[in-house]
Amino acid sequence: MISFRSAASALAVCAAIAMFADTSAAQQDRVEPLAPYRKLDPSGITVSGISSGAFFAHQFHVAYSSLVKGAGMVAGGPYACADNADSITPPFGNPFFVAAVPRRVVAALAECTTFGRDDFKKQGWGFPDQPQASDSQAAAARQQAAGKIDDPANLAGSRVWLFHGDKDTIVPQPTIQAVSRFYQLMGVPAANIQVVDGPDAQHGMPIDTLASGAKTHCDPPEPSYLVKCDYGAAERLLPYLYPAVASQTPAAPGRIVRFDQTPFFDTHDDQTSLNTYGYLYVPQACENDSQSTQPCRLHVAFHGCEQYAAKIHDLFAREAGYDPWADAHNVIVLYPQAAKWLRATDPSELSANPQGCWDWWGYSGSGYLGRDGKQMRAVRAMVGRLLP
């Protein structure tokens, strides 16, 4: 039997439970309402994410392809990866356990990632060793036919940046390759897809903090899953998504806004698994009272499991590497926040969200893949609120 802890860990980016002690500054931040920024260009919206956030960023890109023009994924997988569960075969001899484990969870933990692969194999479950891009293509076609996503033909003009740490054993390289193949099936030219292998990077978000002469490229991940390297993922993906945006020297650094997320989802529905507040980074030149006449773009960055606000507060928004580049290129960065959610009737936690991940396997409800998904709809409303 898969243990309580191994099951919970399998759903997350990590099993770390360390809390951060120095949180007083973030806790004292004033929470503001999300407001429009008149300089935002609606044609310059892109997304990115790490791990569960990468799966979700890709999912958001597919669902809202008429809005989102590019996506960067660090250790993510293809659209509807967990939903393609028809090939999952349950073990015999333990009907209670089989009934308690959704097939989407098995697909997420054993096919799309390697979190629970060995445990499920020991239990007798059968599943493919890697996702197939053709399955994701078929899922997108079904979702479009049902009117649940934008026309996937919109994806053909996108720019796509994919990262895989060469020491990442959690989201294997074939899963990343399936994302690249999916976009090609959707008509994205190979020249618009960049796949990057990260030297020495384990599972996490690489941030540029080590000297270039360091003996190793990356340190082991910390509990925040911000991986200290001599390169950063955000600083690489943003220039690829915005190739025509010129650099400038900002007069002063921008600011982080802690905003109220509650107007964008049903706060009485805990299954939505969203936090009461999120973060926004606003370069000084993008403020409504700025004298700058340059347009601004919007990038949405999704954290990974164990990186939600109640766990690491604003560390992802401050340290993931997006803000300095955003300052120099007039990009507002939206950092929506998921939240931990436990289902009282499921002590195994396999059908809930114990690690504050973004929903790419269906814990929030059956419509999670499309525009009507609870989290998808909420983030889209946040984006809509920011646009002039």
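Data for the structure
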| quantity | calculated |
| --- | --- |
| Segment 211-285: trypsin sites (Lys or Arg not before Pro) falling in loop per DSSP and having at most 13 other Cβ within 10 Å | 215 |
| Paramagnetic label zone (point 7 Å from Cα along Cα-to-C-beta, residue 30; backbone N under 13 Å) in segment 255-284 | 257-259 |
| Extension reserve of the residue 66-residue 41 stretch, reckoned as 0.36 nm per residue once the Cα distance is removed | 7.6 nm |
| Most fluctuating residue given options 188, 101, 62, as computed from a GNM of the chain linking Cα atoms under 10 Å | 101 |
| Three semi-axes of the equivalent ellipsoid, segment 197-316, Cα gyration tensor, whole Å, largest first | 27, 25, 12 |
| Cα centroid separation, segment 60-78 to segment 209-239 (Å) | 23 Å |
| Using alpha carbons only: equivalent-ellipsoid semi-axes of segment 248-313, gyration tensor based, whole Å | 29, 14, 10 |
| Furthest towards positive pole of dipole, 252, 132, 232, structure part the chain, Cβ charges | 132 |
| Per-residue [θ]222 nm for the chain (sum of -39500 (n - 2.57) over DSSP H runs n ≥ 4, rounded to 500) | -7500 deg cm²/dmol |
| Normalised alpha carbon radius of gyration of segment 146-190 [divisor 2.2 N^0.38 Å] | 1.38 |
| Hypothetical label at residue 372: residues of segment 147-169 whose amide nitrogen lies under 13 Å (7 Å Cα-Cβ projection) | 147-149 |
| Centre separation in Å (Cα based) which lies between segment 151-180 and segment 324-388 | 19 Å |
| At 1.002 mPa s and 20 °C, Stokes diffusion of segment 122-238 via Kirkwood alpha-carbon radius, µm² per second | 132 µm²/s |
| Highest-MSF residue in the chain out of 118, 168, 289 [GNM, Cα springs under 10 Å] | 289 |
| Surface/4 of the Cα convex hull for the chain, nm² | 18.7 nm² |
| Order of 205, 186 under a 10 Å beta carbon neighbour criterion, fewest first | 186, 205 |
| Largest-first principal axis extents, alpha carbons of segment 315-383, Å | 48, 26, 14 |
| D (Stokes-Einstein, µm²/s), Kirkwood Cα radius, segment 232-374, 1.306 mPa s at 10 °C | 96 µm²/s |
| Choice from 192, 288, 154 showing the highest fluctuation, given a GNM over the chain with Cα pairs closer than 10 Å | 288 |
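Every read-out reported here was derived from the displayed coordinates using simple, explicitly stated rules and does not represent laboratory data. Given the structure is predicted, the values throughout are model-derived calculations rather than measurements. Note that we place each Cβ from the backbone using ideal geometry, even for glycine, and neighbour counts take in every protein chain shown.
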